[in-house]
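Encoded as structure tokens, the structure appears first; notes follow it.
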Amino acid sequence: MPALHLTPTDRKQKRAEAHHLDPVVMVGAAGLTAGVRQEIDAALRAHGLVKVRVGIEARSTREELLAELADGLDAAPVQHIGKLLVLWRPPVPRVKTDREDRMPGPKVVKVLKFAKSGNHRPQVKRVTVLGNMRLAAGGQLKRVKRRTASVKKQQA
């Protein structure tokens with residue numbers, strides 16, 4: 001798998017995005033083991049942009065490590081500064097499945113209460129309305145009463 005290639009403008013943008021990131025994976029004196037490679041792959045799958053801290057002193061070894069990671073994980077090398085390596089791989093689009101038994105979630109609703117005199121501002125109150133509630137007049141929350149079936153329908 002060849003490494004991805006970024007244009008200089010894309011690389012600059014990815015470096016700016018990675019500036020505030022903390023290293024997710026650390027490579028120790030044992031080097032690039034299968035477990036470390038697997039963790040970097042999982043981090044790339046989860047985040048897309050990953051910083052890796054390398055504990056190896058030789059710069060040439062770190063450069064080889066960056067090239068090896070980029071080729072092996074199908075990622076783009078973004079930056080190598082000191083003992084930090086930055087890798088990027090485009091995120092895999094996630095498939096969203098709709099459940100048919102899913103109930104509506106809570107909604108945040110703004111309720112305005114106007115002042116009695118026209119000189120004051122209205123009060124804004126945010127209210128969370130759950131699935132079994134409704135918003136009544138005056139901004140009050142009321143639970144929805146369950147409708148009971150008639151005796152004839154219950155027997156049928």
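Side notes on the structure shown:
- Output for the range 39-58, where each listed residue is crowded, with 18+ Cβ neighbours inside 10 Å and either within 13 Å of Arg89 (Cβ to Cβ) or without any contact (Cβ under 8 Å) to a residue 12 or more places away in the chain (or both): Ile40, Asp41, Ala43, Leu44, Leu49, Val50, Val52
- Apart from one condition, Lys107 fits all of (1) farther than 30 Å from Pro8 by Cα; (2) in contact with a Leu (Cβ under 7 Å, 6 or more places away or on another chain); the exception is (2).
- Enumeration of residues in the range 92-108 that are closer than 22 Å to Asn132 by Cβ and among the basic types (Lys, Arg): Arg99, Arg102, Lys107
- Restricted to the range 14-38, and to residues there that are in a helix (DSSP H, G or I) and in contact with a Leu (Cβ under 9 Å, 6 or more places away or on another chain), the residue that is surrounded by the fewest Cβ atoms within 10 Å (Cβ to Cβ) is Glu17.
- Scanning the range 59-70 for residues that are among the hydrophobic types (A, V, I, L, M, F, W, C) and surrounded by 14 or more Cβ atoms within 10 Å (Cβ to Cβ) turns up Leu65, Leu66, Leu69, Ala70.
- Residue tally, condition under 18 Å from Arg89 (Cβ atoms) and either not assigned by TED's automatic domain parsing to the domain that holds Lys83 or not basic (Lys, Arg) (or both), over the range 12-35: 10
- Hits in the range 64-115 - residues which are closer than 25 Å to Pro23 by Cα and among the charged types (D, E, K, R): Glu64, Glu68, Asp71, Asp74, Lys83, Arg89, Arg94
- Residue within the range 46-69 that is more than 21 Å from Lys12 (Cα to Cα), assigned to a strand (DSSP E or B) and more than 26 Å from the chain's Cα centre (by Cα) present: no
- The criterion of at least 2 residues that are loosely packed, with under 12 Cβ neighbours inside 10 Å is met by the following strands (runs of 3 or more DSSP E) wholly inside the range 71-156: 107-113, 123-129, 141-143.
- For the range 4-13, filtering for residues that are assigned to a loop (DSSP other than H, G, I, E, B) and either in contact with a Gly (Cβ under 6 Å, 6 or more places away or on another chain) or closer than 16 Å to Leu66 by Cα (or both) leaves 3.
The values are calculated or read from the model by the stated rules, or taken from the named source; none is laboratory data. Note that the structure is predicted; figures quoted are calculated from it, not measured. Neighbour counts are summed over all protein chains in view; Cβ atoms, including those assigned to glycine, are modelled from backbone coordinates with ideal geometry.
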